[in-house]
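> The structure that follows is given in the form of structure tokens.
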Ligand code: F6R
């Protein structure tokens, strides 16, 4: 959510910043801008629209200079227009700032600054922060301009309530950028005679794979050949330089039309990677060393809470069924945004999992912190290894799914479900899941990558189905048991990238109200493999059919036979145990949303109003 890139070095900053912004466009894409300094002062280019619009603007009047900051915006305060695009400036016009996050007390700070004679050009909270830092800088009486800028930033941030990842520069302080973070990610890229700042390493991995992931309350002073990290309070500490796991090739689209399609097709590998080294065939259980829990502690777990947002929450929904089924441990899935503010009564033997692809989602992070504050062991299920959730949790399981760039989450979902299955297996084998059951589950897990491969072969068939439904007014999604969260996830994908109205429901709820919506231009998608509840689903399908609602069924071979002449369109996925079915049934729904979105001419990888990694509440 909002992307920051900064550069100090010997090369021209403009192409480096622009390329970095393109890599970060998934974080926000309503406006963008750069500020680059050379001997003639700060040169700014900014405009509403995508990075392509900024690129055009920069091509008309190229800014030159070897240090600068840049930003791609997802608006929180202030309309989307050229003026509100970052960077923002202080009163002198010499200090430029880009910001990711929300300054909650900006109103009060602004009022004080207005009283001191400051005038503002924008409606943003960021401009207030720029003015605050600038006003402190101007008052500091010291010849060391770098030290002044660092101290001014430090003093200003002490007055701020809210979240920020920031990068700033000053026209009078050459080859110098200051960055700081609290609640919004910021990484320092360490190069040779050049250094970088970014919200995410993907922006800078083409230039360096050495990265320092800043912690909350860190402040970094970046120069060409050195950097210094201290806390906002002025204390210095140890910081490790990490090797980034992926290369710039891993974050390219390759031959795929969209990142989303590439990531859907990566699922045989990402699912394999989620299981790699974690299956213990000897003892028919799972090995999850990252949980940092002894066998005795795992045996004592009396309750599990799974928390997350959006797609991660839906994975948790599958996890609730899985852990209860496999381990008989009472499990609840909770919206992170609700859980963190609710006074949920929990017993001391509760184990909490924060599920998050990015590991930076503000609500999930809030839930994790609240849960830890109350003393519950809280683990992470994250993809981004350097993320705040991964670092702040008591342990966890990495997804190893590789970078997910498409804003609509796909491969991260199936990896999360695989990991929750492994957790269910591990807890189950310490309770009453037999060796035979454990062994069958492991065999079925090992078969999944090939089965996903087969499911992906249905893409053209699903495209032809999607093409039939481009004129519909919306879609209803239904499923039971393990596939109820899949109905929710299918509807979410459909909403996000086609902008069609779509909702997911437990199939049986149909007759309790939803059936009133059934009509010929509102298809119902039933996720109905031939499992223990298939006959019940069949009843619901018949109820829709009787009211002339079109039906698309995602089912297995034997289910398809029974749906002949009933469903308008049938998508047949390979058979698997009920527990693993969601990993197969979700893929046709990802593809259906994808093909329909393409058919409708939507911007699949950058759907309107959305951003990946939601670091605001
Ligand atoms: C859906 C989607 C969002 C995210 C949600 C949580 O396609 O991308 O709903 O799933 O914002 O994000 P993470 O998993 O990064 O915490």
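> Tell me, in nm to one decimal, what length is gained between residue 287 and residue 11 on full extension, where the rule is 0.36 nm per residue of separation less the Cα-Cα distance?
94.6 nm
> Would you mind computing, in nm to one decimal, how far apart the modelled labels at residue 512 and residue 243 are, each placed 7 Å from Cα along Cα→Cβ?
It works out to 5.4 nm between the two label points.
> For region 178-319, rounded, prolate or oblate, judged on the Cα gyration tensor with a ≥ b ≥ c (square roots of eigenvalues), a/c < 1.5 rounded, else prolate if a/b > b/c? Walk me through the intermediate numbers first.
Details: a/c = 2.17, a/b = 1.42, b/c = 1.52.
Note, shape of region 178-319 comes out oblate.
> A further question on this structure: With labels modelled as points extended 7 Å from the Cα through the Cβ direction, what inter-label distance (nm, one decimal) is found for residue 142 paired with residue 104?
3.0 nm
> Separate question: Let me know the whole percent of all Cα-Cα pairs from region 52-188 that are separated by more than 26 Å.
20 percent
> Output the peptides 156-169, 41-54 sorted from most to least packed, where packing is the average of other Cβ atoms within 10 Å over each peptide's residues.
So the order, starting with the most tightly packed, is 156-169, 41-54.
> Send over the per residue convex hull volume for the chain, Cα only, as a whole number of Å³.
Residue-normalised Cα hull volume stands at 155 Å³.
> Looking at the chain only, what percent of DSSP beta bridges run antiparallel? Nearest 5 please.
Percentage antiparallel, nearest 5: 60.
> Further question on the same structure: Cut-off 17 Å, label point 7 angstrom out along Cα-to-Cβ of residue 535: give me the residues of region 498-523 whose amide nitrogen falls inside.
Only 508 fall inside the zone, counting backbone N under 17 Å.
> Neighbour counts of other C-beta atoms within 10 Å: give me 294, 378 arranged from fewest to most.
By the 10 Å Cβ count, ascending: 294, 378.
> Roughly how far apart, in whole Å, are the Cα centres of region 23-62 and region 424-476?
43 Å
> Kindly state, to the nearest 0.05, the FRET efficiency for residue 116 paired with residue 471, given R0 = 41 Å and r defined as their beta-carbon distance.
With a Förster radius of 41 Å, E is 0.10.
> So, in Å, what gap is there between the alpha-carbon centers of region 141-193 and region 241-276?
33 Å
> For a paramagnetic label modelled at 7 Å from the Cα of residue 61 toward its Cβ, which residues of region 19-34 fall within the zone defined by backbone nitrogen distances under 20 Å?
Label zone hits: 31-34.
> Rounded, prolate or oblate: which fits region 254-452, taking a ≥ b ≥ c as square roots of the Cα gyration tensor eigenvalues, rounded meaning a/c under 1.5, else prolate when a/b beats b/c?
oblate
Computed from the coordinates by the stated procedures, all read-outs in this text should not be read as laboratory data. For clarity, every value in this text was computed on a predicted model and none was experimentally measured. Cβ: placed from backbone, ideal geometry, glycine included. Neighbour counts: every protein chain shown.
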